[in-house]
Each structure stands twice: as C-alpha cells, then as structure tokens.
Amino acid sequence: MSIKPMSINFKNTENIKTRTDNTQRTAEIGAAAVLAAGGAIILRGTLSVKSLATALKKQGAELKDGIAIIKATGEKFTGTIKRNIGTFGYKRETIKYENGVMTEKIYHNIFGKELEGEFYKSGILRIKVGQGKNYSLTLYDSDGKCKSIADCRLTGGESKFENARNMIND
C-alpha cells in the first residue's frame, strides 16, 4: 500500500483581507448615507411644523385679542386653517373659524382620519371628544369649566364628531 502525498493549496490571505476591508468600507459608507438621509428627513419633518400664527398669515389673517382678522380688509376671518403639529405630518390640526371666532379644532392622523376634537361656542370650549371607538366625551359650561365627563362607545356608522357638532348647535 502506498501513500500519495496531498497537495494543499493555501489561498492568498492578502486578497481575502482586501475584499473584507472593501466590504466593511462599503457597509460604513452605506450606514453613513442612511444616517444622513434620516437626519435630513427628521430635520425637514421638524421644520414643517407650523405655528398657528404662521398658518393664519398664510391665509392672510392674524389674531387680534383672540379674534381672527383678515389683514387686508380688517374683517373677521371665516374659514379653515390646516397645519402640521407633529413631525413628519403624523399629526395634523384643522381649525374652523366663523366670524373671527374658533368653532372647532380637529386632530387628524397622517392619513386624514379624525382622531380627537374640540368644539367651541362663542369662542369658549364646550365639548371635547377623545380618541378611539371607545372614547371620552367632556362637556364644559359657558365659563369653560368642566361640567361632566362620560365614556362613550361607537356602535354603528355614526360619527362622534358629527354628534358633537349637533350637540353644540342645540
């Protein structure tokens, strides 16, 4: 019986090290690019949050003694103000004014779904509606003091926001 010698092939370890270094460098550059893009998005999202004064100014109006006035004419503002109040537009606010007085403030998610709402009569908070299918309903008296709090549940196709609007009008 004869024993045949085996040929052993050693790979060039320098070539393997170069490939590993290049792969690691590519990963580092990719991670830096992701961080830079993420930082830019966060900065952009943060900067897109508008103050109420800025949103009113865009509509040509301003607040004077709690009343929204059209700057050009001096008339009381009637309309809707929409603004981002959360980074990336995750939370938005829609405020309705009639004759310069706020009538409602609705909070929306990024998809436009109504989340919470505040309803005003003569500029005074009268009803506050909470989030979800099971939500809280807070009623305030004409002085703006909390009168009662209730837990409510949506059962069908009704809208808690339409119910609150109807309650304000009654």
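Here, each number is a calculation from the coordinates, and none is a lab measurement. Worth saying up front: this structure is predicted, and the values here are computed from it rather than measured. Cβ placement follows ideal geometry from the backbone for every residue including glycine, while neighbour counts extend to all protein chains displayed.
Quick check: net charge around A72, other residues with Cβ under 15 Å of its Cβ, Lys/Arg +1 and Asp/Glu -1?
Numbers: positive: K57, K58, K64, K71, K76; negative: E62, E75.
Around A72, the surrounding residues sum to +3.
Hey, can you grab everything whose amide H is under 5 Å from the amide H of H108? Only 5+ residues off in sequence or another chain; H modelled, so Pro and N-termini drop out.
Those lying under 5 Å, H to H, from H108 are R92, E93, T94, L115.
At R0 = 25 Å, how high is the FRET efficiency between D141 and Y90 if r is their beta carbon distance? Nearest 0.05 is fine. Write out the running numbers ahead of the final one.
Values: r = 33 Å, r/R0 = 1.34.
The computed FRET efficiency comes out at 0.15.
Report the full-extension gain for the segment A150 to T54: residue separation times 0.36 nm, less the Cα-Cα distance, to one decimal in nm.
On the way: separation 96, 0.36 × 96 = 34.56 nm, distance 3.53 nm.
Length gained between A150 and T54: 31.0 nm.
Between G86 and residues 5 or more places away or on another chain, which pairs have amide H atoms under 5 Å apart, with H built 1.01 Å from N, and which residues are they?
Correct list: K91.
What is the gain in length, in nm to one decimal, between K71 and N99 on full extension, counting 0.36 nm per residue of separation less the C-alpha to C-alpha distance?
Taking K71 through N99 to full extension adds about 8.7 nm, to one decimal.
For A61, what residues show an amide H to amide H distance below 5 Å, using hydrogens built from the backbone and excluding near sequence neighbours?
Here K71 satisfy the definition.
Hey, which lysines would be in cross-link range of K147, C-alpha to C-alpha under 23 Å, not counting anything within fewer than 8 residues on its own chain?
Here the lysines satisfying the reach criterion relative to K147 are K105, K121, K128, K133, K160.
Suppose the chain between E28 and N163 were pulled fully straight at 0.36 nm per residue; how much longer would it get relative to their current alpha carbon spacing?
43.1 nm
Jot down the radius of gyration and Dmax of region 57-170, Cα atoms only, both in angstrom.
Values for region 57-170 (Cα only, Rg and Dmax): 15.1, 47 Å.
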